[in-house]
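Read the structure below first, then the notes.
The values are calculated or read from the model by the stated rules, or taken from the named source; none is laboratory data. The shown structure was predicted, so the numbers you read here are calculated from the model rather than taken from an experiment. Neighbour counts run over all protein chains shown; Cβ positions are idealised from the backbone, glycine included.
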Amino acid sequence: MDHLDSDETFSPTQDMDWAGEQFLPTSDSRQLEKKPGRRKKVLIGLGLLGTAAALALLTGMLVWHFNLRHDVRLKRVYIGSMGISNEPFKAEHEDPSSQQFRKLADLVKQQLKLIYAKNSVLAKYFRDSSVQAFSEGDADGGDGVVAYYQSEFEVPVPQQTSLDEAILGLREPTDGQQGRQGRLLLKPTDALSVNSVTSGALDPRMTGRSIPENSANIHVRTEGRVQSPGFPDTSYPPNIYRQWLFRADPRHRVRLVFHTLILEDDCQQDFIKIYDSLVPMERRALTEQCGYPHTSLTFLSSGNVMLLTLVTSEEKNFPGFRAIYSQVPLKDGECGGTLTADRGSFSSPFFPSNYPPRTSCVWNIEVPNEKFLKVQFMKFSVGNQSKECPGDYVEVNDDRLCGRKLKNTVITTKSNKMTIRFNSDASYVDEGFIAEYEAFVPTDPCPGRFRCRNNLCINSTLQCDGWNDCGDNGDEVDCECEQSQFKCKNGLCKPKLWRCDRSDDCGDNSDEENCGKCADGEFSCKNGRCVSKMRKCDGKDDCGDGSDESKCERSLLLPQCSAFTFRCTDKRCISKMNPECDGPLDCEDGSDEADCQCGMRPFQSSRIVGGQASQVGEWPWQVSLHIKGMGHVCGASVLNSRWLLTAAHCVQDSESQKYSRPDQWQAFLGLHVQGQTNEWMVKRNVRRIVAHRDYNPHTYDNDIALMELDDAVELNQYIWPICLPSSTYDFPAGQEAWITGWGTTSEGGVKASVLQKAAVRIINSTVCNDLMTDEVTDRMLCAGVLKGGVDACQGDSGGPLSVTNPSGRVFLAGVVSWGEGCAHRNKAGIYTRVTEFRGWIKEQSGV
Ligand code: 4AZ
């Protein structure tokens, strides 16, 4: 979509002339102070009147100055491209200092002057043009040149609109593919044969900046990479405007894939912008990105050029970007087609990459006469939500769809034919869509399956199972609850196991009400006693075990410590829940905020089943432990520059492999993709392994081990320690936690190459023991997604289960230990409970 089409930028060419302005004299304030009463009021009144008059005069003059003074001229800058068919492209045309560049640039400037001369408005206000770049023509046949230019006009304020209209009138007739082939704007006697001209506004944030001197000209014939200045060793510099100009072969697209993109969150300050052109023309902008985007970061051009720009403001500490460029041949019939099978799928071109601009596809689905058709969009991100969908859209039987709210939408037709069209306009691309279609017999739309109210068909066993599988809860209403289920107040049935796990499974929180044994208004102490809730966190031990004086919001210094309270270094205890590294100083000796460099992603703007790829540097404490000659075997977490924490079961000898020997291991820190080295990755040998001496290989009790590296690593934004929780740190059930690793992405499947991440929730230990047949000891912590589908798996062992505290610091709650298979419904992942081993870690490693 052309966001900025109408707001071309401008800046006054004349300084505003204030010399003639008269400022009214103000009243004497000292006099006012001395003479109170009526006279004072009169003087105040006069003063106010004077100020009002001055303001009115000033406003009037400003209005006159800007609107009525016809001699005030504004500078307006337009940028554009011109297709030239009668000039061959030469390598020298890429070098602005070459003679060939200057020669052709002069011709283009003359040509522009001629074009402007044909329009009275343009002719009158035109000042000058400059040529910024040339690229090889991309029209069929592949010859010719495209020139990228900038033209300046000086226009009286009232004529601005007519100038904008005249510039827009230079466009190709439809601004689409049709306009690309030969429309001769000029007489045959003109020097150049021009087949297209496109002009538009410059991004206002770039107008104030001069054209970058050190633009990079890149040939995309072979794959290569580009990165922000200083990457990855230092943050990008402040106040820069950089450009990378990509040129592919004729009849090819440029593809740019960002592997890392971490900029400041505020796009007004720092951003990258990508254009489907070699000049930053708003009408050809494909995307603008800042912060730490989580959408697809693969972009494709419509033709054989692309421009990447980076704009930064003040000094800050963000790593920047690295991207890989390549070229993709333009193919006829790249998308669309005829589909005749009873079911199938189709997607926007290059899905899940962003679709290219200026693309149209048509799919015709035709199934046997007696059948109807339905289409379900599994993913849908196409343009901005609007009623008319004027830019990018999908059309299903003439109904236009756009926006990002259509995921899982099902569209049915009472016919055996369906036509789906996809269209992207010249600017702002998106991730696109993927859809599945199915033919059905009208009398039985969901054979053998349950039909949701929204026409989705789901497996009948999913009906009344406590999970909202239809998406509109249609499969979970009007259900008879089974014995193993309880009825929520809103009528839904949920597994009894989910009661009192601190997560609102019903949707009305009724599964979390009346959870203690104590009466309403009472607090259940850890020792089973009930005390009035009023007595909780009052500084007095009313339970007798101190449990009513822990997990408090306030930080009271307690007369005595208990097993549930945080102990400061001076051995005094405080009542606040999880006070360590949370910001405020709670201990009198400040020890709760000492050693708090851990758990931060230093550039903050701040195997896994069912997970997703993480971003580079997102989990800087994650380590990959390799057995030499065997590759990745286990995960681990960085505790400091020398020590790692992993699982004891990773370092137990097997018949064929001496896993307990340090010389068998290699630790990879700062790794993102297995087998792919990068500058910030560090490989270390292991000096010492300390497995917990009470590790039980049958029960996995005490599944924890330390590894000492043979040489300290330098900590940086890719290698950083995670915070260790004190022994009294509380990770409540229901809290979100993250698992990360390169383990298998399905049970018995293959290991991931890109570091995966997945969100799970801490599960109450009693609930967990019910699920896991009483195999969970006090030294274990359960986490997972009981619906199934998300879990740690083989190869994730030893890696972190991490939890972010309210101030944004990441703590190590658990070490991936075991489970019954991976990601089974109503099963949990079991982790070593790190709080139980805080003392042991300190004793063994000093950390
Ligand atoms: C493993 O074999 C493993 N689902 C780790 C975690 C889990 C299962 C297996 C938990 O390393």
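In table form, for the structure just shown:
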| quantity | calculated |
| --- | --- |
| Strands (runs of 3 or more DSSP E) contained in segment 439-503 and holding at least 2 residues charged (D, E, K, R) | 449-451 |
| Cβ-Cβ under 7 Å pairs, at least 6 apart or on other chains, segment 147-175 side within 16 Å of residue 202 (Cα to Cα) and surrounded by 15 or more Cβ atoms within 10 Å (Cβ to Cβ), far side acidic (Asp, Glu) and modelled with pLDDT under 85 | 164/8 |
| Residue count, segment 797-814 (criterion: closer than 13 Å to residue 737 by Cβ and either away from the ligand (no atom under 12 Å from the Cβ) or among the hydrophobic types (A, V, I, L, M, F, W, C) (or both)) | 10 |
| Unique match (being modelled with pLDDT of 90 or more, within 11 Å of the ligand (Cβ to nearest atom) and touching a strand residue (DSSP E or B) at 6+ places or on another chain (Cβ under 7 Å)) among 756, 794 | 794 |
| Segment 539-552 - residue that is in contact with a Cys (Cβ under 7 Å, 6 or more places away or on another chain) and assigned to a loop (DSSP other than H, G, I, E, B) and, of those, surrounded by the fewest Cβ atoms within 10 Å (Cβ to Cβ) | 545 |
| Any chance residue 408 is assigned to a loop (DSSP other than H, G, I, E, B) and either charged (D, E, K, R) or farther than 28 Å from residue 454 by Cβ (or both) | no |
| Residue match in segment 249-258 (condition: at pLDDT 95 or above and hydrophobic (A, V, I, L, M, F, W, C)) | yes |
| Pick from segment 695-744, criterion more than 16 Å from the ligand (Cβ to nearest atom) and in a strand (DSSP E or B), ranking: modelled with the lowest pLDDT | 716 |
| Filter pass, residue 292 being touching a Phe, Trp or Tyr at 6+ places or on another chain (Cβ under 9 Å) and at pLDDT 85 or above | no |
| Selection status of residue 834, buried (at least 18 other Cβ atoms within 10 Å of the Cβ), within 31 Å of the chain's Cα centre (by Cα), farther than 23 Å from residue 773 by Cα and more than 8 Å from the ligand (Cβ to nearest atom) | no |
| Filter pass, residue 360 being on the phi < 0 side of the Ramachandran plot and surrounded by 18 or more Cβ atoms within 10 Å (Cβ to Cβ) | no |
| Conditions (1) at positive phi; (2) touching a strand residue (DSSP E or B) at 6+ places or on another chain (Cβ under 9 Å): number failed by residue 500 | (2) |
| The listed residue being within 28 Å of the chain's Cα centre (by Cα), in the same structural domain as residue 834 (by TED's automatic domain parsing) and closer than 22 Å to residue 804 by Cα, out of 675, 617 | 617 |
| Criterion: modelled with pLDDT under 95, in contact with a strand residue (DSSP E or B) (Cβ under 7 Å, 6 or more places away or on another chain) and not assigned by TED's automatic domain parsing to the domain that holds residue 424 - qualifying residue of 343, 322 | 322 |
| Of the criteria (1) basic (Lys, Arg); (2) over 21 Å from residue 613 (Cβ atoms); (3) within 15 Å of the ligand (Cβ to nearest atom), which one residue 751 fails | (2) |
| Matching residues in segment 612-640 - criterion: being assigned to a loop (DSSP other than H, G, I, E, B) and in contact with a strand residue (DSSP E or B) (Cβ under 9 Å, 6 or more places away or on another chain) | 614, 615, 616, 617, 618, 619, 620, 621, 628, 639 |
| Test: residue in segment 556-572 that is over 18 Å from residue 729 (Cβ atoms), outside any loop (DSSP other than H, G, I, E, B), aliphatic (A, V, I, L, M) and within 16 Å of the ligand (Cβ to nearest atom) | no |
| Lone unmet requirement of (1) assigned by TED's automatic domain parsing to the domain that holds residue 263; (2) surrounded by 21 or more Cβ atoms within 10 Å (Cβ to Cβ) for residue 315 | (2) |
| For residue 786: the one exception among (1) out of contact with any Ser or Thr (no Cβ under 9 Å at 6 or more places or on another chain); (2) more than 21 Å from residue 697 (Cα to Cα); (3) away from the ligand (no atom under 16 Å from the Cβ) | (3) |
| Residue count for segment 684-694, restricted to those that are part of a loop (DSSP other than H, G, I, E, B) and surrounded by fewer than 19 Cβ atoms within 10 Å (Cβ to Cβ) | 2 |
| Any hit, segment 815-829, residues being surrounded by fewer than 16 Cβ atoms within 10 Å (Cβ to Cβ), among the acidic types (Asp, Glu), within 14 Å of the ligand (Cβ to nearest atom) and under 16 Å from residue 608 (Cα atoms) | yes |
| Selection status of residue 288, of a type in the set (D, E, K, R) and in contact with a Pro (Cβ under 7 Å, 6 or more places away or on another chain) | no |
